[in-house]
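Every read-out reported here was derived from the displayed coordinates using simple, explicitly stated rules and does not represent laboratory data. Keep in mind the model is a prediction, meaning the values are calculated, not measured. Methodologically, a virtual Cβ is constructed for each residue, glycine included, from the backbone with ideal geometry; neighbour enumeration extends over all protein chains shown.
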Amino acid sequence: MPAKLIARSSEGARFLLLQTRGHFLFVLALWAMLYLIGLGYHLFVWSTGALTSPLLEVVYNAIVLFDYALLWLLIASLVERHRAAPTKAFWHTVLIGLLLLGAGLLIARVGRVTNIVDNPTIDLLGFEYETGVPLTPVTVLKMNLLSLMQVGFAFLLLARFRHLVLFKRTRRSQRNWYAMLALMIVTSLTTFTMTAAEEGIGEWRIPTVIVLVPAVLLMVVNAFRLSWIVFLSFRQKLALIGLTLVLLAMLAGGQVLGHGFFLMDATDYLYHYSYPLAVFTEQAFVFSILYGTTALLSLLFHLPTTGDFQQKVGEMAAIQSLTNLVSKVFDSEQLVSTIVASPVEAGSAQMAWLALTDLQSGSLRPRVVATHGVDPARLAALVDTCALYEDLGTRSGPLVLDEAPADHRVEARPGEGLGSLVGLPLVARDEMLGALFIAKEVTHGFEQDDLGALTAFAAQAALALDNARLFEEQLEKERLTRELDIARAVQRKLLPQRVPSIDGVTLAASSVSAQEVGGDYYDFVRLDEDRLALIVADVSGKGTSAAFYMAEMQGIFHSISHLARTPREFLTHANRALAASLERNVFISVIYGILDVRREELVLARAGHCPAAVIHLDGEARYLRTQGLGLGLDRSDLFARTLVEERLTLQPGDVFVLYTDGVVESRNARGEEYGYNRLLEALRRHRHEDAPDLHRALLADLHRFLGHDAYDDDMTLMVLKWHGIRLASAASAHPQQPEKPADEPAMVPEKP
Amino acid sequence: MSNFSVGFRSVGPVQVLDLRGELDAHTASELEAAIQKALEEQNTRIVVCGENLQYISSAGLGVFMAYIEEVRERGGDIKIAGLQSKVYNVFDLLGFPMLFDIVETEEQAIEKFREDANGVPPTTA
């Protein structure tokens with residue numbers, strides 16, 4: 001069974017522990033039984049009046065030692081189960097010690113042998129002087145009981161001190177402790193064959209002393225494991241000083257007065273009971289006295305510094321808890337105020353403020369975003385935060401001003417509440433986000449350990465700030481994406497949802513943007529029964545600003561087209577209308593046409609736009625490159641003076657292609673532009689098809705050339721085919737999908 | 001990344017800007033900065049030499065529009081020289097030749113400045 005228990009003890013480093021109640025009771029029963037066997041042996045010796053054989057004595061000694069090993073197990077697991085803070089542990093130990101002392105005194109008084117004169121062969125304790133045979137059953141009982149009490153108390157002390165010695169344990173300290181115990185056991189075992197009667201008491205042989213010396217050395221080493229003392233409060237230390245004194249009095253008193261820890265003669269009984277056990281017990285008491293003495297001295301020395309230590313621990317704990325808080329706050333406002341409040345509320349300082357580089361303005365000039373313990377206006381009068389901030393940017397660690405008023409960047413005079421100051425750079429991902437400043441009323445207010453704690457806090461704060469910033473950036477990004485999606489949807493609405501259906505004409509048009517929104521625009525407006533106005537426009541640049549001008553162009557088209565009788569008139573008005581709102585570097589190229597089905601003519605004007613392509617049934621094709629400035633380029637009358645219209649009489653089969661530069665300037669992977677010639681060629685190949693098919697075919701040709709679906713530029717394509725008036729409604733309105741027209745052509749089969 | 005650059009040269013009182021590469025929405029700011037610098041140095045007679053300009057987008061053209069008014073108010077001009085035909089076509093489509101002196105060679109542009117100084121007004125003034 002013990003083998004099993006030993007196996008259960010983890011790594012051999014922890015002491016044997018009885019894990020369950022069942023084990024405990026089993027060991028307890030076993031111990032009691034063996035204890036009674038020991039008692040019985042002594043009674044047997046008493047009754048025969050002579051010593052037994054040496055062999056039987058060895059067996060007895062072995063049984064007793066094993067029995068007390070079990071007692072150690074019992075006591076150690078009891079102590080382990082009732083772990084207590086040092087004060088309580090000491091209190092319990094002293095109390096038990098006092099109880100045992102009282103009980104011991106009572107026991108010692110019973111059956112005391114007083115008549116030495118009458119019988120010189122009897123020593124004071126009641127054993128025969130020569131042989132050590134107990135003379136009365138009372139002696140046997142006293143011997144057994146007093147031994148149990150002493151050894152039990154020694155075990156209790158060891159078990160209790162074990163926790164203290166191994167407080168904040170290291171490998172080394174653990175090794176020292178177990179080595180000490182081992183050496184104590186070995187020392188005891190060297191006296192295995194000795195008896196009190198033969199050897200006398202305390203007269204140890206040389207082998208015992210040889211092992212004892214290192215044991216004592218280790219006792220001294222272990223006696224200096226006292227780090228638990230620093231964590232005690234003032235009251236706890238006072239209480240412990242008292243308890244230690246009592247304990248020392250009990251232990252050392254007995255040692256000084258004679259043998260035994262607190263009772264005259266008690267150890268003598270123990271030596272009679274079992275010599276090795278007595279040796280072990282004495283060692284345990286010696287160690288206890290040593291440890292008690294060092295503990296007492298340490299307690300006394302640490303008493304005055306308790307307050308400082310407690311304050312420091314409090315500050316550390318406060319900073320720690322606030323650090324945790326900081327890492328949970330995502331709201332920037334709340335975060336910065338938590339960061340500045342932390343050092344002040346932790347009691348490390350009277351003032352704190354936080355300066356951050358203003359990312360919005362892009363300047364590196366810091367701005368004080370939060371203060372605690374001082375209002376911003378007063379702070380500005382006290383310290384030149386910007387100068388301190390710059391200084392921080394040039395160094396790697398914190399800036400410490402022990403005598404702040406002496407520094408040229410601090411305007412505060414002595415006595416204005418700013419004696420010493422620490423500036424901590426807040427660095428995250430190698431970038432200085434800002435700086436945390438902490439000030440105390442007193443000069444030289446920051447010690448090295450303060451700086452350590454504050455630096456750690458600053459690192460945490462920087463991380464939290466960085467996280468909050470990333471979080472906000474992410475939110476902003478998502479918001480922008482949503483906004484752009486809305487903008488895209490709105491812009492789609494600005495384009496015509498259907499092409500108009502007009503007898504004799506087929507129409508198709510589409511537009512795609514390189515970005516979410518673009519600057520391309522196309523549209524149609526029925527002017528009256530016979531006339532249709534059509535427009536393709538391209539705002540210079542791309543993206544959001546272009547999209548706004550595109551919207552403005554849409555408004556102008558829908559309002560002015562009805563009033564203008566000719567393309568020239570429309571464009572002149574539009575140029576004037578746009579002059580006020582267009583940026584200097586923005587212009588809009590427009591191609592505008594009026595189709596008159598009754599007169600069978602198309603009038604086109606080009607304001608800086610890519611020339612429309614026209615192809616006749618016979619394949620004769622050309623670009624209509626009339627003169628005309630882009631809208632917004634000129635704000636004088638030059639625009640109107642130079643603009644030229646082209647009037648085209650329509651013949652059945654005529655096809656007009658209007659587009660933006662995104663079409664002809666698109667480049668393939670080799671960097672070649674699609675160009676005007678390829679457009680005209682494709683047009684020539686597909687000129688016999690209706691406008692929708694032709695439109696698809698042209699886009700398909702373009703995509704085949706490009707070899708990819710990505711657009712560098714906004715791309716708009718409008719196709720108008722004149723079938724002649726007699727065609728009537730042969731080609732009715734084709735609903736079109738401006739959303740993704742670019743995808744469709746790929747599915748259109750090629751026509752020869 | 002940027003395949004556009006502007007080189008500075010002075011020919012007498014004329015500041016010549018040599019454009020190289022592709023002038024589009026991304027690189028337009030470089031030309032802006034170059035013209036701005038010339039103006040800060042009081043060089044209002046600017047010839048933009050486009051012999052090595054491969055491509056220009058509408059945003060690139062916008063740069064000329066952004067500065068021409070200020071330059072002319074200060075008594076100078078921006079003249080454009082040596083454009084490749086494909087690039088010239090872009091200028092031409094928008095009607096830039098009606099607004100700017102666009103000539104074939106840098107020497108012609110500088111000569112034009114000399115004529116302007118002799119009292120012949122700029123074509124579009």
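How large is the convex hull of the Cα atoms of segment A:325-473 per residue, expressed in Å³ as a whole number? Spell out each step's value before the answer.
Working: hull volume 15.3 nm³, N = 149.
With only Cα atoms used, segment A:325-473 gives 102 Å³ per residue.
When only alpha carbons are used to place a centre, segment A:49-99 and segment A:337-407 end up 64 Å from one another.
For the peptide B:54-66, the mean number of other protein chain Cβ atoms found within 10 angstrom of a residue's Cβ is 6. Per q in 0.05 Å⁻¹, report the Debye log10 I(q)/I(0) for the protein assembly as shown, using one uniform scatterer on each alpha carbon and no solvent. Results for the protein assembly as shown at q = 0.05 Å⁻¹ read -0.60. Take the Cβ atoms of B:Glu104 and A:Thr566, set R0 to 30 Å, and the FRET efficiency comes out at 0.25. Within segment A:484-571, report the trypsin sites (Lys or Arg not before Pro) that DSSP leaves as loop and that have at most 16 other Cβ atoms within 10 Å. Those that pass, being in a loop and sparsely packed, are A:Arg565. If the Kirkwood radius is taken over C-alpha pairs of segment A:641-731, then at 37 °C and 0.692 mPa s the Stokes-Einstein diffusion coefficient equals 225 µm²/s. Oblate is the label for segment A:578-735, because a/c, from the alpha-carbon gyration tensor with a ≥ b ≥ c as root eigenvalues, is 1.5 or above and a/b does not exceed b/c. As an equivalent ellipsoid, segment A:406-540 spans semi-axes of 68, 16, 10 angstrom, where each value is the square root of five times an eigenvalue of the C-alpha gyration tensor, largest first.
Debye calculation, C-alpha points only, no solvent: report log10 I(q)/I(0) for segment B:1-40 at q = 0.16, 0.32 Å⁻¹, in the same order as the q values. Log10 I(q)/I(0), no solvent term: -0.39, -1.12.
Take the Cα radius of gyration of chain B and divide it by 2.2 N^0.38 Å, with N its residue count; two decimals is plenty.
Numbers: Rg = 13.2 Å, N = 125, 2.2 N^0.38 = 13.8 Å.
Against the empirical 2.2 N^0.38 Å value, I get 0.96 for chain B.
Placing a label point 7 Å from the Cα of A:Ala387 along the Cα-to-Cβ direction, the residues of segment A:429-456 whose backbone N falls under 18 Å from that point are A:437-439. Site pair A:Thr649 and A:Ile241 shows an inter-label distance of 12.5 nm when each label is modelled 7 Å from Cα along Cα→Cβ. Under a 5 Å amide H cut-off, with hydrogens placed 1.01 Å from N, B:Val103 pairs with B:Ile80, B:Ala81, B:Gly82 among residues at least 5 apart or on other chains. The simple spin-label model puts a point 7 Å past each Cα toward its Cβ; for A:Asp430 and A:Glu529 those points are separated by 7.7 nm. Are any of the pairs A:Lys168/A:Lys312; A:Lys88/A:Lys168; A:Lys477/A:Lys542; A:Lys88/A:Lys312 more than 22 Å apart by Cα-Cα distance, and if so, which? Where the Cα-Cα span goes over 22 Å, the pairs concerned are A:Lys88/A:Lys312. Derived from the Cα gyration tensor, the three semi-axes of the equivalent ellipsoid of segment A:289-399 are 40, 16, 13 Å, largest first.
Taking 0.36 nm per residue of separation and subtracting the Cα-Cα distance, full extension of the segment from A:Ala489 to A:Glu620 would add 43.2 nm. Globularity index of segment A:492-593 is 1.07 (Cα radius of gyration / 2.2 N^0.38 Å, N = number of residues).
At most 15 other Cβ atoms within 10 Å and a DSSP loop assignment: could you name the trypsin sites (Lys or Arg not before Pro) in segment A:377-415 that fit? Mind showing how you got there, number by number?
Values: sites: A:Arg378, A:Arg395, A:Arg409; in loops: A:Arg395, A:Arg409.
Answer in residue order: A:Arg395.
Among the residues of A:585-591, the average count of other protein chain beta-carbon atoms within 10 Å of the residue beta-carbon is 4.
Scaling the Cα radius of gyration of segment A:466-542 by the globular reference 2.2 N^0.38 Å produces a ratio of 1.63. Restricting the trypsin sites (Lys or Arg not before Pro) of segment B:1-107 to loop positions (DSSP other than H, G, I, E, B) with no more than 14 neighbouring Cβ atoms within 10 Å leaves B:Arg74. Modelled label positions at A:Glu447 and A:His92, each set 7 Å beyond Cα in the direction of Cβ, lie 3.4 nm from each other.
Put +1 on the Cβ of every Lys and Arg and -1 on every Asp and Glu Cβ in chain A; which of A:Ser348, A:Gly38, A:Phe330 then has its Cα farthest towards the positive end of the dipole? Checking the options against the dipole of chain A, the answer is A:Gly38. Only one residue of A:Gly619, A:Gly373, A:Val133 has its Cα farthest out toward the positive end of the dipole of the protein assembly as shown, where Lys and Arg carry +1 and Asp and Glu -1 on Cβ, and that residue is A:Val133. Full extension of the chain between A:Val110 and A:Asp402 yields a length gain of 97.8 nm, computed as 0.36 nm times the residue separation minus the alpha carbon distance. A simple rule links phi to the HN-Hα coupling: the Karplus curve 6.51 cos²θ - 1.76 cosθ + 1.60 with θ = phi - 60°, which for segment A:559-569 gives 8, 7, 4, 6, 8, 7, 7, 10, x, 4, 5 Hz, with x for Gly and Pro.
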